[in-house]
Amino acid sequence: MELTKKDFIYEGKAKRLYTTEDPKYVIVEYKDSFTAFNGQKKATMSGKGVLNNNISSKLFKILADGGVESHFVKQLDDTHQLVKRVKIVPLEVIIRNITTGSLCKRLGVAEGIKLPRPLFELSYKDDALGDPFIIEDHALLFGWATKEELDKIKEISFRVNEILRDYFAKKSVVLVDFKLEFGKDADGNLMLADEISPDTCRFWDSSTGDHLDKDRFRKDLGDVLGAYEEIWKRISE
Ligand code: 5GP
């Protein structure tokens, strides 16, 4: 059965969700909106939703080929994806290969240090609190995830890093860091969810160091969509 968009469920900062005829699946619509600094900075750029949908769909397929299960089922059109319906675990996983961003602000460490191994960090997914940094014990003690789930989340996150780091290296892009979200389906199966795009990853050009991600928007570096187009051009070849 070809599933179609039915009722609106939810609107986030970058995406909208709709039900389908089958309760196991929902449709994600990628919007043209940019937000940063917990929604304080906003903009709309025509074509952004298409780029992020294309990029995210491609990356979920690359991960599936590498054995990483996600909520992604298929790309439906320019701005829509069919995904499995999951309940989002209220954690944001950050994997870092190179120091930058909030890590440097928080700990005062220098920018651009290549870490000897990937760093795994957790935030509590709560906009009102600004997604605060947490340790695993917070997640366990407040019931946001079980030990088994956290172990699985960590294992999948490192696997995602290995696959995408190698993939992007071949495209002359350094995968600096990224954020992942996980969800559980009605049977309790844990899987990768949300999106993987220049909104959620830092990509640096291997030769020039140019930022090809949302940092162009956050830091007013200009040509934001050009950077997203460049990522799409390199991975669609
Ligand atoms: P940082 O903690 O340095 O701000 O971000 C680390 C990485 O995770 C970056 O690639 C950044 O884009 C991503 N990231 C962290 N938090 C969020 C968030 O709330 N939304 C999005 N889209 N990406 C995030």
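The values are calculated or read from the model by the stated rules, or taken from the named source; none is laboratory data. Here the structure is a predicted model, which is why all the values come from computation and not from measurement. Neighbour counts run over all protein chains shown; Cβ positions are idealised from the backbone, glycine included. These accessible areas exclude ligands, DNA and RNA; they are computed on the full protein's heavy atoms, side chains included. Shrake-Rupley method; radii C 1.70, N 1.55, O 1.52, S 1.80 Å.
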Check the range 67-81 and report whether any residue there is in contact with a Pro (Cβ under 8 Å, 6 or more places away or on another chain) and either among the β-branched types (Val, Ile, Thr) or away from the ligand (no atom under 16 Å from the Cβ) (or both).
no
Just name the residue that is surrounded by the fewest Cβ atoms within 10 Å (Cβ to Cβ) out of those in the range 66-79 that are over 16 Å from the mean Cα position of the chain (by Cα) and in contact (Cβ under 8 Å) with a residue 60 or more places away in the chain.
Gly67
Does any residue of the range 126-147 turn out to be in a helix (DSSP H, G or I), crowded, with 17+ Cβ neighbours inside 10 Å and within 13 Å of the ligand (Cβ to nearest atom)?
no
Kindly provide the set of residues from the range 188-237 that are at pLDDT 95 or above, closer than 22 Å to Lys74 by Cβ and part of a loop (DSSP other than H, G, I, E, B), ordered by number.
Asn189, Asp194, Glu195, Ile196, Ser197, Pro198, Asp199, Thr200
Can you pull out the residues in the range 191-213 that are of a type in the set (A, V, I, L, M, F, W, C), open to solvent by less than 10 Å² (accessible area, probe 1.4 Å) and either more than 10 Å from the ligand (Cβ to nearest atom) or closer than 24 Å to Val83 by Cα (or both)?
Met191, Leu192, Ala193, Ile196, Cys201
Being within 12 Å of the ligand (Cβ to nearest atom) and either of a type outside the set (A, V, I, L, M, F, W, C) or surrounded by 18 or more Cβ atoms within 10 Å (Cβ to Cβ) (or both) narrows Arg165, Arg234, Arg159, Arg216 down to just Arg216
Which condition number in (1) in contact with a strand residue (DSSP E or B) (Cβ under 9 Å, 6 or more places away or on another chain); (2) within 15 Å of the ligand (Cβ to nearest atom); (3) outside any strand (DSSP E or B); (4) open to solvent by 40 Å² or more (accessible area, probe 1.4 Å) is the one that Leu119 fails?
(3)
